[in-house]
1. Compare 70, 144, 165 in a GNM of the chain, Cα atoms joined below 10 Å, and give the one with the largest fluctuation.
2. Under a point spin-label approximation (7 Å from Cα along Cα-to-Cβ), what is the residue 210-residue 163 distance to one decimal in nm?
3. Determine the calculated [θ] at 222 nm for the chain from helices alone, applying -39500 (n - 2.57) to every DSSP H run no shorter than 4 residues and normalising by the residue count; nearest 500 deg cm²/dmol.
4. Any chance you could give the angle, 0 to 90 degrees and rounded to 10, that helix 151-160 forms with the longest Cα principal axis of the chain?
5. Treating the Cα atoms of the stretch 45-103 as identical point scatterers in vacuum, please give the log10 of the normalised Debye intensity I(q)/I(0) at q = 0.14, 0.15, 0.17 Å⁻¹, two decimals.
6. For the chain, find the longest principal axis of its Cα atoms and tell me its angle to the long axis of helix 81-91, 0 to 90°, nearest 10.
7. According to the square roots a ≥ b ≥ c of the eigenvalues of the Cα gyration tensor, what is the shape class of the chain, taking rounded for a/c under 1.5, prolate for a/b larger than b/c otherwise, and oblate for the remainder?
8. Using the alpha-carbon atoms, what tilt in degrees (0 to 90, nearest 10) does helix 64-76 show relative to the longest principal axis of the chain?
C-alpha cells in the first residue's frame, strides 16, 4: 500500500462515510469517509513533491477520496493551459459523481490570459456523451464565466445541451438561477418564452426564488412563469 492511500485510510471517519454516502449517492467508488478539507490540504502538500505528484496521477485508484485527490491535484498542478486541458481530458471519464465534478471545477484558478481558451474547452465538454463531463463544463461556466460577455454563448451552449440526466439537468438549472439573480433583465426573457425542458425551467425558477437577492415582486412574477 502506498503512503498516500495509507494516509487516507488513517484519516477515515466511519460516521462521515455514512453521511457522505447519503449526499453523494451517484458514485460507484468505495468511500473511506475523509473530509474534503483534509483532502485539499493533502493535495497542497503532495504538489510540493513533483515526483510523488506525478506518480500518484499515474496510479490506478480505488477509493472515492483518491479520485477526489487526483482531480484537486490537477488544479493544484496547473502551470499552463495546454497541460491543464490534457490532464482534464484524461480525468473526465473517471468522474462519476456530482461532488468530485463540482469540487474540481470550483478549485480551478484560470489565468485571465487563458480564459478564452478554457471557455472554448468548456463548450466542448458540454457536448460529451458522458453526463458528468457535461456537468463539469456547465459548472465551470457557472464558477468562472458568469460575466456579461459570456452570457450569449452560455445560453447557446445550454440550448444545445442534451438533457435527461438528473445531475446535468440540475447543473443547468443552478446556472440559470444564478443568471436570474445576477442578470435578471437579460435572463427573464428565457422564462417568459420557455427555452428549456420543464424540469430545468421550473427548478431554475425555484432556486432563484430562494435567493435573497431577488425582489419580492420579481419572485412573485417568476412563480407565474412555471410550466404546469
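1. Among 70, 144, 165, the largest GNM mean-square fluctuation belongs to 165.
2. 1.8 nm
3. So the calculated ellipticity at 222 nm is -20000 deg cm²/dmol.
4. For 151-160 against the chain, the angle is about 80 degrees.
5. Normalising to I(0) and taking log10 leaves -0.35, -0.41, -0.53.
6. 80 degrees
7. It is prolate, given that a/c is not under 1.5 and a/b is the larger ratio.
8. Long axis of 64-76 versus the principal axis of the chain: about 80 degrees.
Read the figures in this text as sums done on the coordinates, not as results from a lab. Predicted, not measured: the structure shown is a model, and the values here were computed from it. Here the Cβ is made from the backbone with ideal geometry for all residues, glycine too, and neighbour counts use every protein chain on show.
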